[in-house]
Amino acid sequence: MATIFASGTGAGRAAIAVIRVSGPAVPDLLTGLAGALPSPRLARLATLRDPATGEALDQGILLFFPGPHSATGEEYAELHIHGGAAVVNRILTTLSAFPGLRPAEAGEFARRGFANGKLDLSQAEALADLIDAQTEAQRRQALRVAGGALRRQVESWRATLIDALALVEAELDFSDEADVSAFDRAALRAALDPIRAEMRAALLEAPASERLREGFLVMIMGPPNAGKSTLLNALARRDLAIVSATPGTTRDMIEAHLDIAGLPVTVVDTAGLREAADEIERIGVDRVLARVETADLALWLSTGGGTPPEGIPPGVEPLKVSTKSDLRPPPAGWLGVCATSGIGIEALLEAIALRAKARLGDGGSSLLIRDRHRAAIASALSALDHAVEDEKDLEFAAEDLRSAARALGRIVGAVDVEHVLDAVFSRFCIGK
């Protein structure tokens with residue numbers, strides 16, 4: 001197997017850069033760079049030299065972790081060097097020329113850790129989510145799964161299934177043996193009922209946890225010149241959208257990703273809803289009406305209390321916002337704001353946060369944070385429901401239990417999921 005390397009830190013000037021190396025050539029590489037192999041798991045300050053020419057490249061810290069007790073399960077090293085672009089590029093070039101080394105592909109370090117049993121598939125996905133986390137709630141959610149919480153839950157469910165399957169298999173294979181107890185279908189149902197209830201509860205909580213990972217979607221809607229772009233800029237605290245008195249200025253949707261009360265909120269500025277003056281504006285209006293179908297909240301903006309249009313889906317209750325409230329008081333039942341002066345902005349943020357908390361729950365109580373997890377649990381639960389049917393033949397009940405165990409195994413990668421792996425690990429950055 002080739003030895004891989006990559007920078008584990010972001011591009012650009014920095015005080016320190018970390019280069020990760022994993023594979024069988026690590027001991028030879030470290031010896032070539034520093035003149036001797038560092039002691040395992042002890043930091044060593046060394047002058048790094050080009051193994052081919054002896055030229056000094058940088059002075060840095062070397063860390064060596066022998067396999068299998070490493071992040072990847074292989075011989076593994078980290079080079080902590082100065083973060084200047086010239087230093088990093090020269091060392092990466094030197095590593096490229098070393099025999100047996102090649103640049104890592106996206107997610108390859110994590111994938112080798114998965115292949116060597118250092119983390120399961122759910123933990124690998126959560127590591128990617130932890131890197132992408134932009135709010136405190138997302139961080140907590142990803143950290144729970146990355147720490148193995150979902151794996152432990154799945155292993156507990158699978159252990160119960162295996163015990164139940166053993167009862168059924170014993171009845172099928174050894175029912176004529178004197179020391180095998182008579183099969184009790186009621187006992188099978190009693191053993192499976194608790195985990196069936198837990199799975200149902202997890203499925204009920206899953207949509208909120210999935211939404212937390214993706215973010216709470218807020219659409220700013222209203223007629224032209226209602227102040228939508230000005231409000232987006234005020235919420236984002238920077239100029240994202242062009243503000244103009246000319247109707248129809250906004251033709252496409254502009255997004256701002258915000259942290260409101262620790263929750264991820266995506267606010268979208270949209271084209272003004274009216275009879276379009278030209279084809280481009282009409283396309284913009286059509287896109288707004290299509291996107292609002294997936295929204296969690298619609299802010300309906302108006303300067304005079306206009307009624308929200310029928311295009312807003314019944315499940316997306318509009319929050320009525322009266323803009324330019326410095327000029328006139330808001331109508332009854334409307335929240336007044338003035339985006340240019342800041343009047344009402346904090347109250348609007350609180351109203352959005354209240355609705356986001358109601359939709360997203362307590363910050364991710366469910367461990368099922370992906371559609372893949374939810375589909376696997378739903379499949380396992382369906383198989384278990386079939387297995388406990390009174391008229392079910394034992395041979396079919398046994399197959400249902402095996403199907404449920406396989407479905408659970410797909411969550412953590414305990415069964416063949418090769419078709420899933422590329423999609424999971426390709427989301428990682430190169431150095432992960």
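The values are calculated or read from the model by the stated rules, or taken from the named source; none is laboratory data. Small disclaimer: the values here were computed from a predicted structure and weren't measured. Cβ sites come from the backbone with ideal geometry, for glycine too, and all protein chains shown count toward neighbours. Heavy atoms of the whole protein, side chains included, go into the accessibility calculation; ligands, DNA and RNA do not. Shrake-Rupley method; radii C 1.70, N 1.55, O 1.52, S 1.80 Å.
Assorted remarks:
- Cβ-Cβ distances below 6 Å connect the following pairs, each with a first residue in region 374-387 that is crowded, with 17+ Cβ neighbours inside 10 Å, a second residue that is of a type in the set (Lys, Arg) and in a helix (DSSP H, G or I), and a separation of six or more residues or different chains: 376/410; 384/196.
- Selection within region 150-169: residues that are among the polar types (S, T, N, Q) and surrounded by 14 or more Cβ atoms within 10 Å (Cβ to Cβ). The member of this set that is farthest from residue 368 (Cα to Cα) is 160.
- Residues of region 159-166 include at least one that is within 18 Å of residue 203 (Cβ to Cβ), in contact with a helix residue (DSSP H, G or I) (Cβ under 7 Å, 6 or more places away or on another chain) and without any contact (Cβ under 8 Å) to a residue 40 or more places away in the chain.
- In region 213-224, the residue that is most open to solvent (accessible area, probe 1.4 Å) out of those that are in contact (Cβ under 8 Å) with a residue 60 or more places away in the chain and more than 28 Å from residue 138 (Cβ to Cβ) is 223.
- Each residue in region 45-72 was checked for being over 24 Å from residue 118 (Cβ atoms) and in contact with a strand residue (DSSP E or B) (Cβ under 8 Å, 6 or more places away or on another chain), and 12 of them qualify.
- Pick from region 336-350, criterion of a type in the set (A, V, I, L, M, F, W, C) and either at pLDDT below 85 or within 14 Å of residue 226 (Cα to Cα) (or both), ranking: surrounded by the most Cβ atoms within 10 Å (Cβ to Cβ): 337
- Qualifying positions in region 106-131 - within 15 Å of residue 368 (Cα to Cα) and assigned to a loop (DSSP other than H, G, I, E, B): 120
- All conditions but one from (1) touching a helix residue (DSSP H, G or I) at 6+ places or on another chain (Cβ under 9 Å); (2) under 22 Å from residue 50 (Cα atoms) apply to residue 87; the one that does not is (1).
- Some residue of region 126-141 being open to solvent by 60 Å² or more (accessible area, probe 1.4 Å), free of Cβ contacts under 8 Å to residues at least 40 places away in the same chain and farther than 30 Å from residue 260 by Cα: no
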